[in-house]
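Participant: I'd like to ask you about the structure that follows.
The values are calculated or read from the model by the stated rules, or taken from the named source; none is laboratory data. Please read these numbers as outputs of a predicted model, since none were measured by experiment. A quick note on method: Cβ atoms are made from the backbone with ideal geometry, for glycine too, and the neighbour counts reach across all protein chains shown.
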Amino acid sequence: MNNTTVVINPIAVMKRYEIKYIIAKEQEDFLKEKLKGHLYVDEFGKTSIASLYYDTPDYRFIRLSNDKPMFKEKLRLRSYGLANDQSPVFLELKRKAYGVVYKRRIKSTIPEIEDYLEGETDSLGEGQINMELSYFISQNELVPACLIIYDRTAYYEPNGDLRLTIDNNPRFRMDDLDLRVSMDGEPLLPEGYSILEVKVQGAMPLWLARILDEGRIYKTSFSKYGEAYKRLLVNRR
């Protein structure tokens with residue numbers, strides 16, 4: 001499903017914990033059944049998402065990230081569905097410090113982002129978010145490094161901050177690094193497996209912890225870009 005208009009009022013600043021799990025199809029079915037009455041699928045349903053990661057020419061950021069430091073950061077350009085020159089995209093600076101994820105992002109278009117990254121435009125707006133993005137970009141030699149694509153279903157908690165996402169068919173490519181080309185890529189996981197993420201500002205609710213335990217769904221450490229980089233190393237060898 002390609003949908004370029006699913007995000008209307010994006011959150012520009014985020015701070016939360018993100019807990020990841022790799023789940024099989026039967027675990028996904030179990031979880032969806034148990035979530036009924038607790039969480040609800042958001043208004044966009046299943047949406048294809050593509051994220052173009054920027055890195056240094058020697059992949060310094062993902063190499064550091066794979067070493068699991070206490071602090072790490074990454075820059076990516078995200079589209080919801082196959083992008084074009086007019087569709088909205090989001091430039092995101094994502095940082096993780098001591099288990100807490102901080103995200104800053106600006107809404108723009110691909111031509112404007114390209115001008116910004118190449119130094120032909122001084123800024124994409126005003127304020128603290130633009131200052132943080134500009135400083136990060138100015139301090140690093142950045143090039144398109146990897147494209148990550150998946151089909152996401154997002155769940156939300158009414159009147160709460162809990163958010164849960166299931167990413168089906170996660171895939172990647174390290175050529176044709178343009179959000180306007182296609183939504184194709186090589187699989188990141190064996191067939192039938194998906195990525196579950198629980199995102200919350202505080203502690204995970206007890207009812208959800210019990211469901212995960214009952215379904216034998218256990219926390220893991222997994223990075224889509226990190227896994228793609230490992231595949232690149234294997235192919236080079």
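Participant: Of everything in segment 204-237 that's polar (S, T, N, Q) and not in a helix (DSSP H, G or I), which residue is nearest to His38 (Cα to Cα)?
Facilitator: Thr220
Participant: Tell me, which residue of segment 101-157 that is among the small types (Gly, Ala, Ser) and at pLDDT below 90 is nearest to Leu232 (Cα to Cα)? Please lay out each step first, then the result.
Facilitator: Our first condition is that a residue be among the small types (Gly, Ala, Ser); within segment 101-157, this holds for 108, 119, 123, 125, 127, 134, 138, 145, 154.
Checking the rest, the ones that are also at pLDDT below 90 come to 119, 123, 125, 127, 134, 138.
Details: Gly119: 29, Ser123: 33, Gly125: 36, Gly127: 37, Ser134: 29, Ser138: 27 Å.
If we take residues in segment 101-157 being among the small types (Gly, Ala, Ser) and at pLDDT below 90, then Ser138 is nearest to Leu232 (Cα to Cα).
Participant: Further, regarding this structure: Looking only at segment 83-107, count every residue that is more than 17 Å from Met131 (Cβ to Cβ) and either aromatic (Phe, Trp, Tyr) or surrounded by 18 or more Cβ atoms within 10 Å (Cβ to Cβ) (or both) and tell me the total.
Facilitator: Applying the first criterion (more than 17 Å from Met131 (Cβ to Cβ)) to segment 83-107 yields 83-90, 96-101.
Narrowing further to those that are either aromatic (Phe, Trp, Tyr) or surrounded by 18 or more Cβ atoms within 10 Å (Cβ to Cβ) (or both): 83, 88-90, 96, 98.
Counting residues in segment 83-107 that are more than 17 Å from Met131 (Cβ to Cβ) and either aromatic (Phe, Trp, Tyr) or surrounded by 18 or more Cβ atoms within 10 Å (Cβ to Cβ) (or both) gives 6.
Participant: Mind listing whichever residues of segment 200-233 are out of contact with any Ser or Thr (no Cβ under 7 Å at 6 or more places or on another chain) and under 25 Å from Asp55 (Cα atoms)?
Facilitator: Of segment 200-233, the ones out of contact with any Ser or Thr (no Cβ under 7 Å at 6 or more places or on another chain) are 200-222, 224-225, 227-233.
Passing the criteria: Thr220, Ser221, Phe222, Lys224, Tyr225, Glu227, Ala228, Tyr229, Lys230, Arg231, Leu232, Leu233.
Participant: List every residue pair whose Cβ atoms sit under 6 Å apart, with the two residues 6 or more apart in sequence or on different chains, where the first one lies in segment 12-38 and is assigned to a helix (DSSP H, G or I) and crowded, with 17+ Cβ neighbours inside 10 Å and the second, anywhere, is modelled with pLDDT under 95 and not acidic (Asp, Glu).
Facilitator: Filtered contacts from segment 12-38: no entries.
Participant: Do you know which of the residues in segment 183-201 that are touching a residue at least 60 places away in the same chain (Cβ under 8 Å) and not aliphatic (A, V, I, L, M) is surrounded by the most Cβ atoms within 10 Å (Cβ to Cβ)? Working first, answer last.
Facilitator: We begin by selecting, within segment 183-201, every residue touching a residue at least 60 places away in the same chain (Cβ under 8 Å); these are 183, 189, 192-201.
Still in the list and also not aliphatic (A, V, I, L, M): 192-194, 197, 199, 201.
Details: Gly192: 12, Tyr193: 17, Ser194: 23, Glu197: 16, Lys199: 18, Gln201: 13.
Restricting to residues being touching a residue at least 60 places away in the same chain (Cβ under 8 Å) and not aliphatic (A, V, I, L, M), the top hit is Ser194.
Participant: Which pairs do you get when a residue that is surrounded by 14 or more Cβ atoms within 10 Å (Cβ to Cβ), found in segment 132-145, comes within reach of a residue that is assigned to a loop (DSSP other than H, G, I, E, B), reach meaning Cβ atoms under 6 angstrom, with the pair 6+ apart or on two chains?
Facilitator: Pro144/Leu177
Participant: Of everything in segment 16-62 that's charged (D, E, K, R) and touching a Phe, Trp or Tyr at 6+ places or on another chain (Cβ under 8 Å), which residue is nearest to Phe136 (Cα to Cα)? First the steps, then the outcome.
Facilitator: We begin by selecting, within segment 16-62, every residue charged (D, E, K, R); these are 16, 18, 20, 25-26, 28-29, 32-34, 36, 42-43, 46, 55, 58, 60.
Restricting the remaining residues to those that are touching a Phe, Trp or Tyr at 6+ places or on another chain (Cβ under 8 Å) gives 20, 25, 42, 55.
Values: Lys20: 27, Lys25: 39, Asp42: 32, Asp55: 11 Å.
Ranking the qualifying residues of segment 16-62, first place goes to Asp55.
Participant: Residue by residue through segment 61-81, note down the ones that are under 15 Å from Gly226 (Cα atoms), basic (Lys, Arg) and either free of Cβ contacts under 8 Å to residues at least 40 places away in the same chain or crowded, with 20+ Cβ neighbours inside 10 Å (or both).
Facilitator: Step one: filter segment 61-81 for residues under 15 Å from Gly226 (Cα atoms), giving 61-69, 72-76.
Still in the list and also basic (Lys, Arg): 63, 68, 72, 74, 76.
Within segment 61-81, Lys72, Lys74, Arg76 qualify.
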